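The values are calculated or read from the model by the stated rules, or taken from the named source; none is laboratory data. What you see is a predicted model; the values in this text were computed from it and never measured. Every residue, glycine among them, receives a Cβ derived from its backbone with ideal geometry; neighbour counts consider all protein chains shown.
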Amino acid sequence: MSNQPAYKFKIGLITATIWENDGFYSVDISRSYKTNEGEWRSTSSYGHNDLLNVAKCAERAENWISRKTTVAS
């Protein structure tokens, strides 16, 4: 994988990062949160209130990848 993501977007506290590696794509989905000390961190654990945004990010990532792979074909 390259050092820079191919595409990255955020919905609320949920971020989807799309990585490209030799024409194949993978997606990392994470949730941002603030520690008691005020530092921002990320996790791949989601609460009930996060799930709709996780689903929306997954759908947007799939759409973005589909457009990229259709153009490349």
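If you take the residues in region 17-67 that are among the β-branched types (Val, Ile, Thr) and surrounded by 13 or more Cβ atoms within 10 Å (Cβ to Cβ), which one is farthest from the chain's Cα centre (by Cα)?
Top of the filtered list is ILE65.
Which one is farthest from LYS68 (Cα to Cα) among residues in region 21-36 that are modelled with pLDDT of 95 or more and charged (D, E, K, R)?
The residue in question is LYS34.
Those residues that are acidic (Asp, Glu) and more than 15 Å from GLU20 (Cα to Cα), I need them from region 46-73; list them, please.
Listed by number, the residues that qualify are ASP50, GLU59.
Kindly indicate whether GLU39 is free of Cβ contacts under 8 Å to residues at least 40 places away in the same chain and under 20 Å from ALA6 (Cα atoms).
no
Give all pairs with beta carbons closer than 8 Å in which a residue from region 11-27 that is within 9 Å of CYS57 (Cα to Cα) meets a residue that is of a type in the set (A, V, I, L, M) and assigned to a strand (DSSP E or B); count only pairs at least 6 apart in sequence or on separate chains.
Once the first residue is within 9 Å of CYS57 (Cα to Cα) and sits in region 11-27, its partners that are of a type in the set (A, V, I, L, M) and assigned to a strand (DSSP E or B) give ILE14/ILE29; THR15/ILE29; ALA16/VAL27; ALA16/ILE29.
Each row is one residue, and each column tells you yes or no for (1) in a helix (DSSP H, G or I); (2) at pLDDT below 95; (3) not polar (S, T, N, Q).
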| position | (1), (2), (3) |
| --- | --- |
| PRO5 | no, no, yes |
| THR15 | no, no, no |
| ILE18 | no, no, yes |
| GLY38 | no, no, yes |
| TRP64 | yes, no, yes |
| THR69 | yes, yes, no |
